[in-house]
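Peer 1: Sending over a structure as C-alpha cells; questions will come in a sec.
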Amino acid sequence: MTGKNVATPEEIKAILTPFISAVSLVLGNEKFAATNPAEPVLTSDLFHHMYDLYDGLEVNHLWDRRENIRKRLSHEKNGVVKEALIIPDIVVHRANTQDDNLLVVEAKRYPAVDDGDDVWKLEGMTAKGQYHYKLGVHVTLNVPGHNVTECVVYSEGASDIEATKWLRERLP
C-alpha cells in the first residue's frame, strides 16, 4: 500500500489510543450501565469523551457536510454500486479539507441489528476517492456488560485484520 493517507502501524496506534480511552469512559459510566441508553445517547457521549483527545483536529458528531454540501457516498460492494446521503456517527478530521481525514466511527448498542449500511459506509469512507479517511471503526458497545462485543477497523476500503486485532486486545 502506498499513498499519503495510508496509516502506518505507529499512526494506527496513535489514532486508536484516544478512541480506546473514550470507549473505556463510556463503558465505565455506572449511570449508563443501569439505564442502558439508546444509540444516539451513546454516540453523543462517545463524541463528548473524544472531543479534546485529537490535538489540532476537529471531532464532530453526526457531521453531514463536506464543505457546504451534504455528504453523499457512492461506493461499490459485491459488484453493486450504492449511492446515498450519509451521516457518520463521529468523525475526526479538519473541516473543509481532504488532507486530514483521520477517523470515522460507527457505533452500535448491544444487541445490535446492523443492516450492513455501517460497514458499507466505513468501507466507502476509508477507500481512495471521495473521503479517504485513514481509519474507520465499527464498534458495538454492551453498556450493562461494560464491554465491547464487536469491533472492526477499516482502512483502504476493507477490514484491517492487524489493526482490528490490536484494537480488540485493548478495548474492555
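Peer 1: Which of (1) surrounded by 16 or more Cβ atoms within 10 Å (Cβ to Cβ); (2) under 25 Å from residue 28 (Cα atoms); (3) in contact with a helix residue (DSSP H, G or I) (Cβ under 8 Å, 6 or more places away or on another chain); (4) without any contact (Cβ under 8 Å) to a residue 40 or more places away in the chain does residue 86 not meet, given it meets every other one?
Peer 2: Of everything listed in (1) surrounded by 16 or more Cβ atoms within 10 Å (Cβ to Cβ); (2) under 25 Å from residue 28 (Cα atoms); (3) in contact with a helix residue (DSSP H, G or I) (Cβ under 8 Å, 6 or more places away or on another chain); (4) without any contact (Cβ under 8 Å) to a residue 40 or more places away in the chain, residue 86 misses just condition (2).
Peer 1: To continue, here is another question. Within segment 40-83, work out how many residues are loosely packed, with under 14 Cβ neighbours inside 10 Å and hydrophobic (A, V, I, L, M, F, W, C).
Peer 2: 4
Peer 1: Let me ask something else about it. In segment 126-143, is there at least one residue being charged (D, E, K, R) and either touching a Pro at 6+ places or on another chain (Cβ under 7 Å) or without any contact (Cβ under 8 Å) to a residue 40 or more places away in the chain (or both)?
Peer 2: No, there is no match, as no residue in segment 126-143 is charged (D, E, K, R) and either touching a Pro at 6+ places or on another chain (Cβ under 7 Å) or without any contact (Cβ under 8 Å) to a residue 40 or more places away in the chain (or both).
Peer 1: Can you tell me which residue among 104, 6, 113 is closer than 17 Å to residue 158 by Cα, surrounded by fewer than 14 Cβ atoms within 10 Å (Cβ to Cβ) and hydrophobic (A, V, I, L, M, F, W, C)?
Peer 2: Selected residue: 6, the only one of 104, 6, 113 that is closer than 17 Å to residue 158 by Cα, surrounded by fewer than 14 Cβ atoms within 10 Å (Cβ to Cβ) and hydrophobic (A, V, I, L, M, F, W, C).
Peer 1: Being more than 16 Å from residue 119 (Cβ to Cβ) and of a type in the set (Asp, Glu) is the filter here; which residues of segment 146-172 pass it?
Peer 2: Matches in segment 146-172: 162, 169.
Peer 1: Checking residue 36 against (1) in contact (Cβ under 8 Å) with a residue 60 or more places away in the chain; (2) within 18 Å of the chain's Cα centre (by Cα), only one condition comes out false. Which one?
Peer 2: Answer for residue 36: the failing condition is (2).
Peer 1: I've got another one for you. Considering every residue within segment 31-44, establish whether at least one is of a type in the set (Phe, Trp, Tyr) and touching a His at 6+ places or on another chain (Cβ under 9 Å).
Peer 2: no
Peer 1: So which residues in segment 51-62 are part of a loop (DSSP other than H, G, I, E, B) and of a type outside the set (Phe, Trp, Tyr)?
Peer 2: Of everything in segment 51-62, those that are part of a loop (DSSP other than H, G, I, E, B) and of a type outside the set (Phe, Trp, Tyr) turn out to be 52, 53, 55, 56, 57, 62.
Peer 1: Just name the residue that is surrounded by the most Cβ atoms within 10 Å (Cβ to Cβ) out of those in segment 145-172 that are touching a helix residue (DSSP H, G or I) at 6+ places or on another chain (Cβ under 7 Å) and small (Gly, Ala, Ser).
Peer 2: Within segment 145-172, the match that is surrounded by the most Cβ atoms within 10 Å (Cβ to Cβ) is 155.
Peer 1: Does residue 136 satisfy being assigned to a strand (DSSP E or B), farther than 25 Å from residue 31 by Cβ and among the small types (Gly, Ala, Ser)?
Peer 2: The answer is yes for residue 136.
Peer 1: What tally of residues in segment 1-50 results from selecting those that are of a type in the set (A, V, I, L, M) and not in a helix (DSSP H, G or I)?
Peer 2: Number satisfying all stated conditions: 4.
Peer 1: Among the candidates 89, 118, 160, single out the residue that is among the acidic types (Asp, Glu) and closer than 19 Å to residue 9 by Cβ.
Peer 2: 160
Peer 1: With the condition kept exactly as written, say whether any residue in segment 99-122 is more than 13 Å from the chain's Cα centre (by Cα) and under 21 Å from residue 58 (Cα atoms).
Peer 2: For segment 99-122, residues more than 13 Å from the chain's Cα centre (by Cα) and under 21 Å from residue 58 (Cα atoms): present.
No value in this document is a laboratory result; all are computed from the given coordinates. These numbers were taken from a predicted model, which means no experiment stands behind them. All Cβ positions, even for glycine, are placed from backbone atoms using ideal geometry, and neighbour counts span all protein chains on display.
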